[in-house]
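Worksheet: one structure, shown below.
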């Protein structure tokens, strides 16, 4: 018996030691696999530990009612919104089963008005390009309704910018540089570029920090640079300039911006030389005259009445003095860093500001002269189709493309610790972001977005998305009743667009 007991103990000991050695070898193997694979940035940056996230995520549908948020509960973006972008970017099936998890009685919910006779697929049309800057020597004819909003090199990492550039080129959409200037990585993929000029004039400033005509000409010489966007304000922080913490201001970023390395990059809260609406039109005219390319402005609206002043002055000076486009940002827009007071409670949301802008342009007879670009939390087909119903010509998204790159909404953008390598200048974390793979996901995101907004349009009975109007959608109000958008936001007159008369 004693010999038997000793044999069992020895055997168990050998098995335990063997299992431990096997587990160690398996862990080493998984570590190596995680570090070398390219598909999952979290696993590449955090081998072994990163696998836990995917396991827990897979269990989510079964445990969510006890341990996790519901599909529709979380801000800035809920699980359902993020999941749609993830699946679209990976080109996976985006159908759902059993029934909607969206509360269709919740005030503010958008419901599209399906037609009794939807458009047959063989009768559908692709959106027709609308020109920008027709009075300039180099007008621009964008090919995509859905485009990449301003995100600076510095706020975003080098591989993130590269992936966006290559993906945008393949998808045929434009990429806005953000206020951080034009980097080689924006140009690398060959996509169309919108050069943004922020209040600090990064990338177009002289040694004193003033706007430089020579730098403008140098940038305009790039055939990829199609337009210039003068940024007055941003939805996440109206009245406050850009903020790039010192830890993210590398030597390369400092050189592109024309500022010292290793110091906080703080932009003025407005353009010092623009003191009134006349100065604003003068600046737009200067940039357009020097570059020969379409020039517009970006802002978050706080009071729509100012638009009357702007439009009246344009009519007085002549329609050629108008900005070629206005990008209107939402008061609930995003940013890499902003004071919480501003990010929470400053500026009108796009739900109010977009129809206000469109109606003011119609009322002053400038709707066809000035293109409208909508920006701010527009990451799903429902959001984009709503913006088109309200009168937008084009739609920009920033955070939608961050999700396409693999963002997990870790809320670390301002700390240089982004676990997916997107909003960090830490090379060890950037390593997790594979440019080639993520570029494909950017491409698929744009293409699947275009497909589904066309699907919405056809269901509403129109042949292409720009034919959507306010009567094609409804909004749920108190009591669970829905009201047509053209009743909630009565248009001054039916918007006249080139697509209607083509």
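Nothing in this text is a laboratory measurement; each read-out follows from the coordinates by a stated rule. Not measured: the values here are computed from a predicted model. Note that each Cβ is placed from the backbone with ideal geometry, even for glycine, and that neighbours are counted across all protein chains shown.
Quick look at the numbers
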| quantity | calculated |
| --- | --- |
| Mean Cβ count within 10 Å, highest first, over the residues of peptides 253-260, 400-407 | 400-407, 253-260 |
| Shape call, region 146-501: gyration tensor on alpha carbons, a/c limit 1.5 | oblate |
| Förster-model FRET efficiency, 22 Å R0, residue 94 and residue 39, C-beta, rounded to 0.05 | 0.70 |
| Sequence of 185, 394, 31, 86 once ranked by neighbouring C-beta atoms within 10 Å, starting from the fewest | 31, 86, 185, 394 |
| Relative contact order for region 104-202, counting Cα pairs under 8 Å that sit 6 or more residues apart, in percent | 21 percent |
| Contour excess over end-to-end distance, with Cα ends at residue 213 and residue 103 and 0.36 nm allotted per residue | 34.3 nm |
| Neighbour-count ranking [beta-carbon atoms within 10 angstrom, fewest first] of 393, 93, 344, 486 | 93, 344, 486, 393 |
| Cut-off 18 Å (backbone N to label point 7 Å along Cα→Cβ of residue 455), residues of region 85-110 | 85-102, 110 |
| Rounded FRET efficiency, nearest 0.05, which uses the C-beta distance separating residue 340 from residue 14 and R0 of 41 Å | 0.10 |
| Helix axis angle, 277-291 relative to the chain longest principal axis, alpha carbon, degrees | 70 degrees |
| Cα long-axis angle, helix 435-459 against the chain (0 to 90 degrees, to the nearest 10) | 60 degrees |
| Extended-chain gain in nm, criterion 0.36 nm per residue less alpha-carbon gap, residue 315 and residue 252 | 18.3 nm |
| Computed [θ] at 222 nm, helices only, for the chain once each DSSP H run of length n ≥ 4 contributes -39500 (n - 2.57) | -12500 deg cm²/dmol |
| Protection proxy ranking, peptides 9-17, 129-137, 226-234, average beta carbon neighbours within 10 Å, highest first | 226-234, 129-137, 9-17 |
